[in-house]
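S.K.: Below you'll find the structure I mean.
The values are calculated or read from the model by the stated rules, or taken from the named source; none is laboratory data. Here the structure is a predicted model, which means the values were calculated and not measured. Here the Cβ is made from the backbone with ideal geometry for all residues, glycine too, and neighbour counts use every protein chain on show. Keep in mind that these areas ignore ligands, DNA and RNA; they rest on the heavy atoms of the full protein, side chains included. Shrake-Rupley method; radii C 1.70, N 1.55, O 1.52, S 1.80 Å.
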Amino acid sequence: MGKTNDEGPAAERPASILEAYFAWPLAAATLVGQANLRLFESLTLSAKQGESRGSPFGSTFPWTTANTVALELASMRLRDFSTGTDGPATLICAPYALHGATVADFAPGHSVVERLRQSGLSRLFVTDWRSATPETRYFTIDSYLADLNVAVDELGPPVDLIGLCQGGWLALVYAARFPKKARRLILVGAPIDIAAAESSLSRFVGGVPSTMFDELVRSGEGTVHGEQMLEMWGLSHSPDEAEVSLQTPADVDPARRGELNERFWQWYAETVDLPGSFYLQVVKWLFKENQIAQGRFVALGQCIDLAKLRTPICLLAASHDEVVSVDQLFAVARLVGTPPAHLVKMSEPCGHLSLFLGANVLDGAWREIVRWLRHDLNEPQIGHR
């Protein structure tokens, strides 16, 4: 079906603001590694004095596709994009990162939700994670797994689960914790085995002590403020960053091009806040200790053993990913118990954000993902593109 990665590690490229987009747990590491004590002190002061302007209901950035709210939970709004009632439910586990879940439904022609609906998936839902508040600052990974489980039960398991980047490791852990509730699993640009290969994330975290992250949360009184982190990164970006990420066609109408670029930067400027407890667990358990890959991750009271997971899995990576290396995702193939005939690896010649926003990727790889979801696994495997 898909293309395996034979290109080796992507060439080294300087990090930009958007290349670091999904590196939110390590944004502080970037800052500390590049800045002096005075700058770090200004970050903690900003965290102490600043108040989040994010909505407690998640991003206020407008959704592209019409939807309703199927369920209100403490950690999320479960958004319903369905066009019918037939077939298994498909649930997109969006990233809970610096920006909102609208990365899954950015704009016409640049929307995972739109592509899945156009390809015939009639029951489609997205986890719209809420921005942290003082009341939710102690939420942990288990808090989000528990609410994800409520959402799946509401939809009627087993569901097809799609995990985007940071939502990918959460989806994998969930599927391993509740294997009978995931019919098929798609992981896109997700950091799973941090030790499998070097990436910008692993380089950032390598020399930064955990106490730095602890201090960041303490200074924010238990919350990591997305707005302050965004302001303090101090990284550069190229003028064509939006067009590269969106894979904007060369012949697109100039007015449309301008609208897309403006929308891109509007989306980028809006942030969500993260609960300090959740943030520290992700930084330490996943990125510092690599517990998921090492079989030491405990989810809702049970140690996760990926070797026992036999759910059909599709992996989509970006060969030029600046944030999550291909091998950090493709390591899933050797960690799970899924039979080789039911495990697909695909790679696209693009950067990280293009996996979710890129017109070419949406028109190519995501069409194949839908074919795979609808494919009878008892039949011969779908061929390569």
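S.K.: When you check K284 against the structure, is it at pLDDT below 95 and surrounded by fewer than 17 Cβ atoms within 10 Å (Cβ to Cβ), yes or no?
M.R.: In short, yes.
S.K.: Moving on. Is at least one residue of the range 148-161 in a loop (DSSP other than H, G, I, E, B), of a type outside the set (K, R) and under 19 Å from the mean Cα position of the chain (by Cα)?
M.R.: No, because not a single residue in the range 148-161 is in a loop (DSSP other than H, G, I, E, B), of a type outside the set (K, R) and under 19 Å from the mean Cα position of the chain (by Cα).
S.K.: Among A74, A70, which is the only one that is part of a strand (DSSP E or B) and within 22 Å of V150 (Cβ to Cβ)?
M.R.: When all the criteria are applied, what remains is A70.
S.K.: Now, a different point. Report the residue count in the range 79-101 for those that are of a type in the set (S, T, N, Q) and surrounded by 22 or more Cβ atoms within 10 Å (Cβ to Cβ).
M.R.: 1
S.K.: Can you name the number of the only condition in (1) touching a helix residue (DSSP H, G or I) at 6+ places or on another chain (Cβ under 9 Å); (2) without any contact (Cβ under 8 Å) to a residue 24 or more places away in the chain that P157 fails?
M.R.: (2) is the only condition that P157 fails.
S.K.: How do the pairs read when you match residues in the range 108-122 that are modelled with pLDDT of 95 or more with residues anywhere that are hydroxyl-bearing (S, T, Y) and outside any loop (DSSP other than H, G, I, E, B), using Cβ under 7 Å and keeping only pairs 6 or more apart or on different chains?
M.R.: L116/T90; L121/T90
S.K.: So Y144 fits all but one of (1) closer than 18 Å to L335 by Cβ; (2) assigned to a helix (DSSP H, G or I); what number is the exception?
M.R.: Every listed condition holds for Y144 apart from (1).
S.K.: Out of curiosity, is A176 touching a Phe, Trp or Tyr at 6+ places or on another chain (Cβ under 6 Å) and modelled with pLDDT of 95 or more?
M.R.: no
S.K.: Here's a follow-up. Taking the range 314-343, which residues are farther than 15 Å from A175 by Cβ, surrounded by fewer than 23 Cβ atoms within 10 Å (Cβ to Cβ) and aliphatic (A, V, I, L, M)?
M.R.: Scanning the range 314-343 gives A331, A341.
S.K.: Within the range 291-303, identify whether any single residue is of a type in the set (G, A, S), in contact with a helix residue (DSSP H, G or I) (Cβ under 9 Å, 6 or more places away or on another chain), open to solvent by less than 50 Å² (accessible area, probe 1.4 Å) and touching a residue at least 24 places away in the same chain (Cβ under 8 Å), and answer yes or no.
M.R.: yes
S.K.: Moving on. Of the residues that sit in the range 127-173 and are of a type in the set (S, T, N, Q) and open to solvent by 10 Å² or more (accessible area, probe 1.4 Å), which one is farthest from F278 (Cα to Cα)?
M.R.: N149
S.K.: Testing A47 on (1) closer than 30 Å to P249 by Cα; (2) at pLDDT below 95; (3) open to solvent by less than 20 Å² (accessible area, probe 1.4 Å), one condition comes back false. Which one is that?
M.R.: Just one mismatch for A47, condition (1).
S.K.: Here is a list of conditions, (1) out of contact with any helix residue (DSSP H, G or I) (no Cβ under 6 Å at 6 or more places or on another chain); (2) over 26 Å from L315 (Cα atoms), and L71 meets all of them except one; can you say which number that is?
M.R.: Every condition holds for L71 apart from (1).
S.K.: Out of L309, L300, which single residue is more than 18 Å from the chain's Cα centre (by Cα) and either closer than 30 Å to D376 by Cβ or among the β-branched types (V, I, T) (or both)?
M.R.: It is L309.
S.K.: Is it the case that V361 is in contact with a helix residue (DSSP H, G or I) (Cβ under 8 Å, 6 or more places away or on another chain) and more than 18 Å from P179 (Cβ to Cβ)?
M.R.: yes
S.K.: Something else about it: Tell me, which helices (runs of 4 or more DSSP H) wholly within the range 210-298 include 2 or more residues that are touching a Leu at 6+ places or on another chain (Cβ under 9 Å) and under 27 Å from R177 (Cβ atoms)?
M.R.: 210-219, 276-281, 291-294
S.K.: Which residue pairs have Cβ atoms closer than 8 Å, lie 6 or more positions apart in sequence or on different chains, and pair a first residue in the range 174-195 that is surrounded by fewer than 24 Cβ atoms within 10 Å (Cβ to Cβ) with a second residue that is among the basic types (K, R)?
M.R.: Between residues of the range 174-195 that are surrounded by fewer than 24 Cβ atoms within 10 Å (Cβ to Cβ) and residues that are among the basic types (K, R), the close pairs are P179/K308; P179/R310.
S.K.: I've got another one for you. State which residue is farthest from the chain's Cα centre (by Cα) when the search covers only the range 312-337 and only residues that are outside any loop (DSSP other than H, G, I, E, B) and closer than 16 Å to P179 by Cα.
M.R.: For the range 312-337, the residue satisfying everything is L335.
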